[in-house]
Amino acid sequence: MRFLPIRNALLVAATASVVWSLQAHALVNPFTEDFATNASNWRNGSNTAATWLSAGGVGDSGHITAAGTIDTNGFGPIVFRGNNSADASGDAFVGNWLAGGVTLFTAYVRHDAPTNLSFYVRLDAGVGNAASTSPQQVAPNAWTQLVIPITNSLGTNGQVFQSYGAAGTNFGLIFSNIQNVQVALAANQDPITVGQTYTIGLDQVSVVPEPGVSALLLGSAAALAGFHFFRRRQS
């Protein structure tokens with residue numbers, strides 16, 4: 001029997017640790033839902049299947065659409081639901097975003113209203129614990145990227161989040177247990193749009209890791225490939 005040198009044994013252990021940590025959470029980071037072949041179990045505001053279209057998305061890719069009716073109650077209506085209960089995107093967005101190194105959430109939206117609409121994102125840990133972002137203006141008939149830094153920034157004057165829901169200021173409670181990703185229309189809209197229904201599009205929904213996490217994953221993959229090459233050379 002041939003024993004591995006200590007350095008190779010340590011390499012295997014480190015790689016195994018990274019792989020285990022990835023498998024221990026449903027979260028996949030980085031990940032982009034591009035709706036290439038279907039709606040990936042994303043649902044509309046009524047919690048029924050979103051409409052999938054094979055073209056017309058960002059770069060003429062697949063995307064999903066849903067009806068959005070402008071409502072001034074509360075924060076405004078949810079239009080798209082990427083929920084754990086529906087296994088949206090294979091639960092790739094579900095898990096501990098802080099431990100998983102998520103630093104950015106992005107999504108492209110489009111609408112056919114006659115004027116700008118205001119969108120927000122709701123990142124939900126369940127039981128009323130959710131972070132709702134400050135609204136972002138989106139011009140009509142063009143794909144626009146919503147960019148959400150995952151940082152503890154609560155307020156309405158240009159800050160990232162306008163509310164942490166029932167969790168108050170407990171940023172960590174929410175982002176250590178994300179269950180649902182939802183895209184919504186804000187309650188504060190141009191008066192001419194109130195009560196009107198528009199077609200809303202969604203594409204390229206993404207989470208992005210901090211650079212150090214990306215380097216670790218790439219380094220571990222390269223190290224594992226190098227280890228297998230070394231074993232072949234020694235056999």
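Each reported figure results from applying straightforward, stated rules to the coordinates on display, with no laboratory input. Remember, predicted model here, so these are calculated numbers, not experimental data. Cβ placement follows ideal geometry from the backbone for every residue including glycine, while neighbour counts extend to all protein chains displayed.
Residues in region 167-202 near a label at Thr32, defined as backbone nitrogen under 18 Å from the 7 Å Cα→Cβ point? Label zone hits: 202. Per residue, the convex hull spanned by the Cα atoms of region 19-140 amounts to 130 cubic angstrom.
If we sort 177-186, 63-72 on the protection proxy, mean other Cβ atoms within 10 Å, highest first, what's the order? Can you show the working numbers first?
Values: 177-186: 22.9, 63-72: 20.3.
Answer by packing, highest mean first, reads 177-186, 63-72.
Taking the charge dipole of region 30-145 about its Cα centre, with +1 at Lys and Arg Cβ atoms and -1 at Asp and Glu Cβ atoms, the residue from Gly57, Asn73, Thr144 reaching farthest to the positive side is Asn73. Taking 0.36 nm per residue of separation and subtracting the Cα-Cα distance, full extension of the segment from Leu173 to Thr69 would add 34.3 nm. Across all Cα atoms of region 74-170, the radius of gyration (one decimal) and Dmax (whole number) stand at 13.9, 42 Å.
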